[in-house]
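Here is the structure we will look at, set down as structure tokens.
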Protein chains: 2
Amino acid sequence: MANITKKVSWSSRADESGAAGEGTPLLNGSDQPRLSRQPSEGGSIFQIGRLSTVDLEEEITSDEDSLRGRPKEIPHNEKLLSLKYESLDYDNIENQLFLEEERRMSYMGFRCLEISRWVVCGLIGFLTGLIACFIDIAVEELAGFKYQVVKENIEKFTEVGGLSISLLLWAVLNSAIVMLGAIIVAFFEPIAAGSGIPQIKCYLNGIKIPRVVRLKTLMVKVFGVICSVVGGLAVGKEGPMIHSGAVVAAGVSQGRSTSLKRDFKIFEYFRRDTEKRDFVSAGAAAGVSAAFGAPVGGVLFSLEEGASFWNQMLTWRIFFASMISTFTLNFFLSIYHKKPGDLSNPGLINFGRFQSDSVTYNLYEIPLFIAMGAIGGLLGALFNVLNYWLTIFRIRYVHRPCLQVMEAMLVAAVTATVSFTMIYFSDDCQPLDSEHTEEYPLQLFCADGEYNSMATAFFNTPERSVRSLFHNQPGTYNPLTLGLFTLTYFFLACWTYGLAVSAGVFIPSLLIGAAWGRLFGILLAYITPLPIWADSGKYALIGAAAQLGGIVRMTLSLTVIMVEATGNVTYGFPIMLVLMTAKIVGDYFVEGLYDIHIKLQSVPFLHWEAPATSHWLTAREVMSSPVTCLNRIEKVGTIVDTLSNTSTNHNGFPVVVQISGSDEPAKLCGLILRSQLIVLLKHKVFVELARSRLTHRKLQLKDFRDAYPRFPPIQSIHVSQDERECMMDLTEFMNATPYTVPQETSLPRVFKLFRALGLRHLVVVDDENRVVGLVTRKDLARYHLGKHGLEELQLAQT
Amino acid sequence: MANITKKVSWSSRADESGAAGEGTPLLNGSDQPRLSRQPSEGGSIFQIGRLSTVDLEEEITSDEDSLRGRPKEIPHNEKLLSLKYESLDYDNIENQLFLEEERRMSYMGFRCLEISRWVVCGLIGFLTGLIACFIDIAVEELAGFKYQVVKENIEKFTEVGGLSISLLLWAVLNSAIVMLGAIIVAFFEPIAAGSGIPQIKCYLNGIKIPRVVRLKTLMVKVFGVICSVVGGLAVGKEGPMIHSGAVVAAGVSQGRSTSLKRDFKIFEYFRRDTEKRDFVSAGAAAGVSAAFGAPVGGVLFSLEEGASFWNQMLTWRIFFASMISTFTLNFFLSIYHKKPGDLSNPGLINFGRFQSDSVTYNLYEIPLFIAMGAIGGLLGALFNVLNYWLTIFRIRYVHRPCLQVMEAMLVAAVTATVSFTMIYFSDDCQPLDSEHTEEYPLQLFCADGEYNSMATAFFNTPERSVRSLFHNQPGTYNPLTLGLFTLTYFFLACWTYGLAVSAGVFIPSLLIGAAWGRLFGILLAYITPLPIWADSGKYALIGAAAQLGGIVRMTLSLTVIMVEATGNVTYGFPIMLVLMTAKIVGDYFVEGLYDIHIKLQSVPFLHWEAPATSHWLTAREVMSSPVTCLNRIEKVGTIVDTLSNTSTNHNGFPVVVQISGSDEPAKLCGLILRSQLIVLLKHKVFVELARSRLTHRKLQLKDFRDAYPRFPPIQSIHVSQDERECMMDLTEFMNATPYTVPQETSLPRVFKLFRALGLRHLVVVDDENRVVGLVTRKDLARYHLGKHGLEELQLAQT
């Protein structure tokens, strides 16, 4: 890449003034022939600027290059930053077309838009609730059927002997179901694996993860999660709801489905990243809300993960979607449970009603809670470290779909076997009283009228097990059972997370925490028999919060989700303390689970603030340069060459204009995106054609919206040799007022501007308004605070 | 103001490059004599730019001028925008001093800062909780004493006859107490009047309301609110808690008290608007949390009112402060109530525990809830309109302190009289059973073993009345009592809000709503006697939400506050629906109460977004111009003259630099604030002095922090005639990288940048980076959406 500044001179004075003129292109045909351009070897694009002093960026290479030139193992490394991810445009492209449309729109038009936003949010909530309802009922029915079959089999063989056949039945049944789920995920839509929370976090952060909000992903996700839960894996169905809600939102808000090839011609205004992001936030919130019956928690989750700018009406709409989602789920579940109108089951999981007498805690219990938080932080960190190693291993050796399916089946079989062994060797028999909460009490080797307590924990959907741990009478579990259960479930859950099945980590975490929390409570009561400590259910709740906090490290939203799921405000303070302690302790060792997985994908994720010690860096050091710039009136051939250049593969181009008659470097007058140029090329918006064909339809915003979001690649656009010589006038289409910063701006300041406004490109100019560099997401994301101060990630085309 | 562009030429090339050099001033003494400046009549400042085409701004005049030249009545008008309010600087001033400090600071330094932020938030929560506790206990004790005295008196005279003496006693007692409260507010600290919520909203929005976060204000507020509640006014003690929390935060976070003249030399880093704002948010949240036992609601309140940029750690800290505040209040109240360790009274008000069987609603009740929301919206709008007229009246005719005190006394007397009359003529006797919730049951003319039900509503603190309405057995109130009570209390509360006493409108609103809500429930049960409608307490709750929503129009935060105060998540959906309906209906007629009062103060309040139909406006039309600019090396006399110019009274000045040898207009190189210039002048940071006195201490950030936030006026700074000829080098002190926008930027885009980053000055530049205008808060706040489309407010120095 030669660092050449080419000179372009304009003879018309008009060009200079009208960087964002009043709707008509200032350049008429007569100017065009006067354009003189010096020939050069690098095509007719020109590049402004100098190489940055801290020149650490690698040359950006295309996918093919990187795959050829680099060993397969290196890419997935948390010290790398991938360049394959594009950013979303959360900054409106305020070009003339957009402004004209906005100016044409009446006040009533804006009101109608506002109303349709509410309608869309209502729909999102409703559909998300329906999906949650479907998942819940499907899991309930299928799991019920499975447990019934296995239970009968076990009961049959307990007396006869030969329980190994039961084990075999159980293991095969589980493996088969899990295999189904793993096959569709691994072969059809790998992005549907896991809980989807890291992916939604990235989306809301402004990163375009391919295929993450497609209809197909949703289908695979829903079917996959049913299989994993019914297959008895140590997973929950709550995490995937968040992803499902987001997909629903992205679909509904666009008023069309590309997969189904249907365009309903509605909500066309919302076909851009800015609007879509808002709806996806609402969808994610609706998902949380449906999963945990926590509408406020959902809103806070969306805000905590995604929002950079808080807007009252937006938040209110998100809350509306959340509420509708909970309400829909609640309503349909009440019909399913044959108690129509009883709206007391707001989420997929709810922690049940804590009795009023247990709904209190004492001041001297607070140190205990803090200690439990610390334990949760430690165990969470251990979980994360183990899962990190496992993930590294998986990335290196288990990347083929059939291997992934086999691993999932193996885990399913092992889970069944371990559970069975635990149940088999346990002799913790409990009386089977009338108010037991277990649906499938296993008698096994216990006396008549008793059931095996270990079986309660394993032989149940995890949601039910959590509830039993919270609410069962003191004395239901003996300490050994709980200890063993914690130990085995911890490793099983850790092994399971990251498999090619769609499933969440929330419920397993809660279950592990509830188990050791209850154990903690029992031991406390054993050491100092005070009446207040008799209620080990309270400690189970605190333990669950501690464990979950230690693994995912969410803060405010998790507190609120826990409080809402408990249905009781009083526990807010201890839960907050516990989550805070767990986060502090856990962060000392390793990051949260979602962040680890985001890092392992080398996603250029932007955190809340620039690293604290980065004030010595300025835009000059941070920016990418030289920058490929385009002229306001540019040759089609140049544009095609620029876009086709696989060695740069840029997505945004500053548009510059030369002061007529002067030989000074050109000044910034706008910014145009690859996607816009593609649409322009596709519609052949060339100056010459506009003159020859008078009837030529003027390009409208609708043309851009129709192409959104799957803009065709440049290779699919045919430009003839004659057309290459035409000129394109970008004036109308470029964003005439891109945000700029001077070169001396400190990194935190650049970061704040970039993050607060959700930018994709930030132009760095000198004091003459000439382009010297471009700051994009990767330039900011690559600085992070490591153990030894500020570190820089390497950029790689993974 | 002459529109003259003066020419300044520099001979040294060094000036151009080093707008933000590496710590040492680039200009040494030898450059200074070469500075040549053309003489002119307007002092030696120079102004760049032209008058904007839409030239609607009035000339900015000083306080004295406006008071002399303008009639007293005009200023308070919601079509005006006052120029007397300064903005806060929520954008860090990144000058060389600041950057040097940040660069010097180690990673551990930042960690320590982070820890001290947590400590400060903990302290804020603790102190706010203590204050809430103090207010609660004081009110409880004093009101108890008062009611006991009056009750005994009434009982004495009921049999003897001559209840007019009791009335007199009651009225005089109330008036006297209210007089006390009104005197301290009206004479000592008028800003302490009302709930303080509008003021805190403004502060968080970025407007400097004088004296609003001072210690004196807090003292008056606390004492005042005790007097108003004990004096039997139709007010609550909850609103003022928010203001109190904010004052505590502003005090604690600065580590010193200017009022007490104590500087603890701690938290010096926090002595700037950016940091202080975060703490004030935490304080407001802690206040809400203490008032309603709603820590999450508090966080949401702060965010809804104040935050423009959501930051995870900040929110988490705010939540911490809220939690500590609730916890402290709860803990000390539990000791006061002789049940130490029973943490079940989380707020000043709590709505009591709704019984589980009443904690449900049915699908067919939802239309009813929506209807109630609409009623709430209508009644709220009526309330607001009446209060608006009353406030206009008060501004015109009741602006002298003694008149204000007399009005407050009158209201107190009338409240007592009306209450007494209502009680006297009511014959709604109810049996006095063992589980009554009234603390002061008045028998009056009822039979033995019965009490007067109307008296329950009036002869009680409003908090208790609300709780009775929510929870008393069906049949406790007869419809006539409720109807009359609603009617009288509505007008009393409306009259009371805006008096010169410190008091809140939350509780009266809840009380009115609870009364008509309960009435609604009773009538429903009367029309269609279904069992589900027997529980009128549920309708009281919904009515309370509707009325409060109709008056204050808060959204998400109010929902969460209501849910948290109820202690029950199930009612979330109906409460949300009701608040939404109330807001939509109410907004159709008139704005929310707080917004009305903000508008009547002509405060330049920035809403969430620019008006929808403002895309046709650009920075060119919006900006103020010409702009007073300063040179990077400026004559002291010029600076003093600029600052002393009472006809402009600007607070921020773009700093420009001339390219040496060229006669082009100067280019922007920085921005400096009046406050910074004042500190520079005070410390005589002149180029000549620095050379002559070698030992002269270099000015540090500490000097700016010591002067914060009460910078002396320019008049108090003496500059001799000799010194006027000296030069000042602004390079080190100016913000070298101010945010800029091109002239063509649309208003919504300017607005978004301004609002998202919390700016105070936004420089508008042309494509040569020359200053053409300056956008400040008033330029953006003056456009609003009226009945006839986009309207422009007039600017006035009120």
Handout entry: Unmet criterion (only one of (1) closer than 21 Å to A:G224 by Cα; (2) among the small types (G, A, S); (3) not in a helix (DSSP H, G or I)) for A:A408
Key = (3)
Practice task
Could you please find all residues in segment B:653-669 being modelled with pLDDT of 90 or more and either more than 14 Å from chain A (Cβ to nearest Cβ) or at positive phi (or both)?
Solution key: B:F653
Practice task
Kindly indicate whether B:V247 is surrounded by 24 or more Cβ atoms within 10 Å (Cβ to Cβ), within 17 Å of the chain's Cα centre (by Cα) and either under 30 Å from B:E407 (Cα atoms) or within 14 Å of another protein chain (Cβ to nearest Cβ) (or both).
Solution key: yes
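So, A:F383, is that one under 24 Å from the mean Cα position of the chain (by Cα), of a type in the set (F, W, Y) and at pLDDT 95 or above or not? If you could, list the steps in order and put the result at the bottom.
Working: under 24 Å from the mean Cα position of the chain (by Cα): yes; of a type in the set (F, W, Y): yes; at pLDDT 95 or above: yes.
For A:F383, the condition - under 24 Å from the mean Cα position of the chain (by Cα), of a type in the set (F, W, Y) and at pLDDT 95 or above - is met.
If you go through segment A:364-411, how many residues are hydroxyl-bearing (S, T, Y) and in contact with a His (Cβ under 8 Å, 6 or more places away or on another chain)?
Looking only at segment A:364-411, we keep the residues that are hydroxyl-bearing (S, T, Y), and these are A:364, A:388, A:391, A:397.
Cutting the leftovers down to in contact with a His (Cβ under 8 Å, 6 or more places away or on another chain) gives us A:391.
Counting residues in segment A:364-411 that are hydroxyl-bearing (S, T, Y) and in contact with a His (Cβ under 8 Å, 6 or more places away or on another chain) gives 1.
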Completion exercise
Scanning segment A:778-798 residue by residue, those free of Cβ contacts under 8 Å to residues at least 60 places away in the same chain and among the basic types (K, R) turn out to be A:K787
Practice task
Select from segment A:286-314 the residues that are within 12 Å of chain B (Cβ to nearest Cβ) and closer than 19 Å to A:D136 by Cβ and list them in ascending order.
Solution key: A:S289, A:F292, A:G293, A:A294, A:P295, A:G297, A:G298
Exercise for the section: Determine whether segment A:395-404 contains at least one residue that is touching a Phe, Trp or Tyr at 6+ places or on another chain (Cβ under 8 Å), at pLDDT below 90 and farther than 27 Å from A:L173 by Cα. Expected result: no
Problem - Matching residues in segment A:578-593 - criterion: being at the interface with chain B (Cβ under 10 Å from one of its Cβ atoms) and buried (at least 24 other Cβ atoms within 10 Å of the Cβ) - result: A:L579
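Answer with yes or no whether B:K538 is of a type in the set (K, R), out of contact with any strand residue (DSSP E or B) (no Cβ under 7 Å at 6 or more places or on another chain) and surrounded by 24 or more Cβ atoms within 10 Å (Cβ to Cβ). Steps first, answer last, please.
Working: of a type in the set (K, R): yes; out of contact with any strand residue (DSSP E or B) (no Cβ under 7 Å at 6 or more places or on another chain): yes; surrounded by 24 or more Cβ atoms within 10 Å (Cβ to Cβ): yes.
In short, yes.
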Exercise for the section: Give the residues of segment B:453-489 that are closer than 17 Å to B:D428 by Cα, of a type in the set (S, T, Y) and not in a helix (DSSP H, G or I), sorted by residue number. Expected result: B:T476, B:Y477
Completion exercise
The condition from (1) more than 7 Å from chain B (Cβ to nearest Cβ); (2) at pLDDT 90 or above; (3) within 22 Å of A:T613 (Cβ to Cβ); (4) surrounded by 23 or more Cβ atoms within 10 Å (Cβ to Cβ) that A:S746 misses is numbered (1)
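Tally up the residues in segment B:331-351 that are modelled with pLDDT of 85 or more and surrounded by fewer than 20 Cβ atoms within 10 Å (Cβ to Cβ), please.
Step one: filter segment B:331-351 for residues modelled with pLDDT of 85 or more, giving B:331-337.
If we keep only those that are surrounded by fewer than 20 Cβ atoms within 10 Å (Cβ to Cβ) too, we end up with B:331-332, B:334-337.
Summing the residues that are modelled with pLDDT of 85 or more and surrounded by fewer than 20 Cβ atoms within 10 Å (Cβ to Cβ) in segment B:331-351 gives 6.
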Exercise for the section: Check whether at least one residue in segment A:712-733 is in contact with a Pro (Cβ under 6 Å, 6 or more places away or on another chain) and closer than 30 Å to A:E591 by Cα, and report yes or no. Expected result: no
Exercise for the section: Please go through segment B:315-340 and pick out each residue that is touching a residue at least 24 places away in the same chain (Cβ under 8 Å), more than 10 Å from chain A (Cβ to nearest Cβ) and β-branched (V, I, T). Expected result: B:T328
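Across segment A:546-577, what is the number of residues that are part of a helix (DSSP H, G or I) and either of a type in the set (S, T, Y) or within 7 Å of chain B (Cβ to nearest Cβ) (or both)? Before you say what the answer is, go through the steps one by one.
From segment A:546-577, those part of a helix (DSSP H, G or I) are A:546-552, A:556-566, A:569-577; that's our starting set.
This time we only want the ones that are either of a type in the set (S, T, Y) or within 7 Å of chain B (Cβ to nearest Cβ) (or both), so: A:556-557, A:559-560, A:564, A:566, A:569-573, A:576.
Total meeting the criteria: 12.
Within segment B:258-276, which residues are within 14 Å of chain A (Cβ to nearest Cβ) and under 18 Å from the mean Cα position of the chain (by Cα)? Lay out the reasoning, then the answer.
Of segment B:258-276, the ones within 14 Å of chain A (Cβ to nearest Cβ) are B:269, B:274-275.
Listed by number, the residues that qualify are B:T274, B:E275.
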Exercise for the section: Can you tell me which residue within segment B:719-738, out of those that are away from chain A (no Cβ under 14 Å) and among the hydrophobic types (A, V, I, L, M, F, W, C), is farthest from B:S644 (Cα to Cα)? Expected result: B:F733
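Taking segment A:707-731 on its own, how many of its residues are outside any loop (DSSP other than H, G, I, E, B) and either modelled with pLDDT under 85 or among the β-branched types (V, I, T) (or both)?
At the first step, the residues of segment A:707-731 found to be outside any loop (DSSP other than H, G, I, E, B) are A:707, A:714-716, A:721-724, A:727-729.
Right, trim to either modelled with pLDDT under 85 or among the β-branched types (V, I, T) (or both) and you get A:707, A:714.
So the answer is 2.
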Completion exercise
Of the listed residues (A:V741, A:V775, A:V763), the one being assigned to a strand (DSSP E or B), in contact (Cβ under 8 Å) with a residue 12 or more places away in the chain, within 9 Å of another protein chain (Cβ to nearest Cβ) and surrounded by 17 or more Cβ atoms within 10 Å (Cβ to Cβ) is A:V741
Exercise for the section: Return the total of residues in segment B:594-652 being within 14 Å of another protein chain (Cβ to nearest Cβ) and closer than 21 Å to B:D779 by Cα. Expected result: 20
Exercise for the section: Take B:L127 and decide whether it is assigned to a helix (DSSP H, G or I), surrounded by 15 or more Cβ atoms within 10 Å (Cβ to Cβ) and free of Cβ contacts under 8 Å to residues at least 12 places away in the same chain. Expected result: no
Fill in the blank from the handout: Only unsatisfied item for A:E304, checking (1) crowded, with 24+ Cβ neighbours inside 10 Å; (2) of a type in the set (D, E); (3) under 14 Å from the mean Cα position of the chain (by Cα), is (1)
Problem - Residue satisfying all of: in segment B:761-798; under 16 Å from B:V750 (Cα atoms) and of a type in the set (G, A, S); modelled with the lowest pLDDT among these - result: B:A781
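Have a look at A:K216, A:K265, A:K221 and point out the one that is more than 16 Å from A:L499 (Cβ to Cβ), assigned to a helix (DSSP H, G or I) and charged (D, E, K, R). Step through it out loud before you land on a result.
Working: A:K265 fails: assigned to a helix (DSSP H, G or I); A:K221 fails: more than 16 Å from A:L499 (Cβ to Cβ).
Within the list A:K216, A:K265, A:K221, the selection yields A:K216.
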Practice task
Check segment A:599-606 and report whether any residue there is at pLDDT 90 or above, in a helix (DSSP H, G or I) and surrounded by fewer than 23 Cβ atoms within 10 Å (Cβ to Cβ).
Solution key: no
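The values are calculated or read from the model by the stated rules, or taken from the named source; none is laboratory data. For clarity, every value in this text was computed on a predicted model and none was experimentally measured. Methodologically, a virtual Cβ is constructed for each residue, glycine included, from the backbone with ideal geometry; neighbour enumeration extends over all protein chains shown.
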